[in-house]
1. Between S306 and L85, how high is the FRET efficiency from 1/(1 + (r/R0)^6) when r is the Cβ-Cβ distance and R₀ = 45 Å? Nearest 0.05.
2. Separation of the stretch 285-323 and the stretch 139-201 by C-alpha centroid, Å?
3. Working from the pairwise distances between different alpha carbons, so that the mean of 1/r is found and then inverted, what is the stretch 118-160's Kirkwood radius in Å?
4. Which value, in debye to the nearest 20, gives the size of the charge dipole of the chain about its Cα centre, when Lys and Arg are +1 and Asp and Glu are -1 at the Cβ?
5. What pairs in K37/K69; K37/K323; K164/K253; K69/K101; K118/K164 have C-alpha atoms more than 20 Å from each other?
6. Give the residue from G254, F228, S242 lying farthest towards the positive end of the charge dipole for the stretch 219-283; charges sit on Cβ (+1 for Lys and Arg, -1 for Asp and Glu) and the dipole is referred to the Cα centre.
7. Which of K164, K141, K69 moves the most in a Gaussian network model of the chain with Cα springs under 10 Å?
8. Name the residue from G50, I94, V80 whose Cα lies farthest towards the positive end of the charge dipole of the chain, charges +1 on Cβ of Lys and Arg and -1 on Cβ of Asp and Glu.
Amino acid sequence: MGENLSDLRLPEHIRRVDGIDWYWGWSVVRAVVFLWKERPQILVLQWWTGAVLHTYLLLALISRVLGCKVIVEFHEAQDVGEARLPFAATYMNIGGRCLLKLSSGQLVHSQYDWNLVKSRYRLNETLQIVPHAGYDYLPAKPPVRLAPKGVINLLYFGVIRPFKGVEDLIEAFNLVGVESQSNFWLTVVGETWEGWDLPTRLIASSPYRNRITFINRYVTDIEAAGYFAGADLVVLPYHRSSSSGPLQIAMAKGLPVVVTRVGGLVEATASYDGAVMVEAANPASLAEGVERGANLVGRRFNGVTSWGQTVSGYSDLIGRICK
């Protein structure tokens with residue numbers, strides 16, 4: 001967008017006036033001008049949080065005026081933290097249905113999400129399932145790990161929030177340690193959100209703290225590539241999940257994974273032989289899954305959805321709405 005609209009960049013001295021950040025508003029202006037100049041046939045809106053709903057409504061309305069069809073791609077029906085806010089669900093239900101009435105088609109990545117989105121927003125046959133492809137975009141980088149040679153490096157990667165279940169992983173690591181602690185090392189890489197510091201406190205008090213690497217901040221793609229290159233087994237202890245970027249990265253690299261049996265993760269790993277499924281919010285089940293997953297370390301697996309399959313699903317949906 002910036003290449004086409006370089007003449008519309010907001011002057012630095014007016015980005016903040018009386019403590020108000022004007023950057024969001026200017027970004028919307030640039031998006032509207034972009035639509036007006038380029039006149040695309042299809043506008044794809046990536047849905048995750050209601051915080052963008054008012055912006056999406058404006059862009060969808062303008063797109064309809066310009067004769068541009070709108071596709072809404074769902075990654076979540078509603079953000080988990082957002083759903084706990086007063087009136088947020090009502091706002092989403094009303095505004096979300098308005099947005100979807102302005103759209104020509106919708107897309108989800110699993111049957112689980114299809115059921116969830118269809119029932120919540122009362123959608124019709126324009127909703128299509130397109131499995132998400134594996135994330136194979138990370139560059140090749142040398143491994144980053146503190147685990148000694150010959151020790152299995154367990155990796156959790158992603159933000160640390162209440163529904164991510166990282167506290168279960170710390171407890172499971174302590175349980176595994178009772179029998180075979182010397183075989184494992186735990187690496188937790190993620191930024192704390194919503195003030196959820198229970199995993200931080202559990203790591204600090206773990207009897208095996210000297211066998212845990214904790215990177216509690218945002219990391220770049222280049223850093224992420226190093227952590228995945230240094231992982232032997234990826235562990236994702238979510239309490240709920242529609243889909244998972246770290247899971248898609250791990251599968252694209254062919255790594256064995258231990259994943260909780262929740263949401264769309266069951267479908268995402270259905271054809272992936274390197275997946276060990278465990279019960280959510282159950283440290284004992286997670287510990288047992290880690291020990292089973294250890295038997296898969298050193299092997300590489302296939303079965304992740306390709307980008308060709310994702311493109312084919314998109315093509316089918318676009319073909320239907322553009323008839």
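Bear in mind these aren't lab numbers, they're just calculated from the coordinates by the rules spelled out. Since this is a predicted model, take the numbers as computed values, not measurements. Don't worry about glycine lacking a Cβ; one is built from the backbone with ideal geometry, like all the others, and counts go over all protein chains shown.
1. 0.75
2. When both Cα centres are located, 23 Å separates them.
3. Evaluated over the stretch 118-160, this radius sits at 15.7 Å.
4. The dipole of the chain has a size of about 600 debye.
5. As for pairs spanning more than 20 Å Cα to Cα, those are K37/K323; K164/K253; K118/K164.
6. Highest projection toward the positive end goes to S242.
7. K141
8. The residue sitting most towards the positive pole is I94.
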